[in-house]
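Heads up: the structure comes next, in structure tokens.
The values are calculated or read from the model by the stated rules, or taken from the named source; none is laboratory data. This structure is a prediction, so every number in the text was calculated from the model and none was measured. Reconstructed Cβ throughout: ideal geometry from the backbone, glycine too, with neighbour counts over all protein chains shown.
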């Protein structure tokens with residue numbers, strides 16, 4: 001089963017992302033979506049297993065998405081986990097900063113469920129193959 005961690009301080013946006021990912025098919029097992037309401041909550045969840053994808057908002061009140069991404073890239077266990085950023089900030093500077101820190105993609109809000117699913121599948125497929133899941 002593929003596991004996705006969604007880190008977003010807005011409950012409405014978390015529900016939107018969860019709904020969009022509910023139809024993602026990665027082999028025979030359904031996608032497990034785990035939600036964190038903050039960067040701190042994500043840091044507590046990360047050690048609880050391996051993750052096939054992390055989708056995080058950039059703008060959050062405690063630990064923002066770029067700081068979380070930086071932590072993940074420094075973590076021996078999670079360094080290779082693909083991280084997809086999402087943000088209402090649409091400037092190329094923000095996008096470039098996220099990609100320079102190691103994000104695999106950047107979705108500008110608002111995005112469609114199809115855009116999110118396409119981005120998730122683009123990064124879930126190779127990850128599952130390389131790790132031998134799915």
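So the values come out like this:
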| read-out | value |
| --- | --- |
| Which listed residue, of 55, 72, is modelled with pLDDT of 90 or more, buried (at least 16 other Cβ atoms within 10 Å of the Cβ) and outside any helix (DSSP H, G or I) | 55 |
| Cross-chain or 6+ apart pairs with Cβ under 6 Å, the range 23-47 first and in a helix (DSSP H, G or I), then surrounded by fewer than 17 Cβ atoms within 10 Å (Cβ to Cβ) | 39/62; 40/62 |
| In the range 27-50, residue modelled with the highest pLDDT [restricted to those that are over 19 Å from residue 64 (Cα atoms) and buried (at least 16 other Cβ atoms within 10 Å of the Cβ)] | 33 |
| Residue check, residue 9 part of a loop (DSSP other than H, G, I, E, B), modelled with pLDDT of 95 or more and farther than 20 Å from residue 119 by Cα | yes |
| Among residues of the range 75-98, those that are touching a strand residue (DSSP E or B) at 6+ places or on another chain (Cβ under 7 Å) and either surrounded by 15 or more Cβ atoms within 10 Å (Cβ to Cβ) or part of a helix (DSSP H, G or I) (or both), counted | 10 |
| Selected residue (only one of 103, 20 is touching a residue at least 40 places away in the same chain (Cβ under 8 Å), in contact with a helix residue (DSSP H, G or I) (Cβ under 7 Å, 6 or more places away or on another chain), within 18 Å of residue 124 (Cβ to Cβ) and not in a strand (DSSP E or B)) | 20 |
| Every residue from the range 5-15 that is surrounded by fewer than 23 Cβ atoms within 10 Å (Cβ to Cβ), within 14 Å of the chain's Cα centre (by Cα) and touching a residue at least 40 places away in the same chain (Cβ under 8 Å) | 9, 13 |
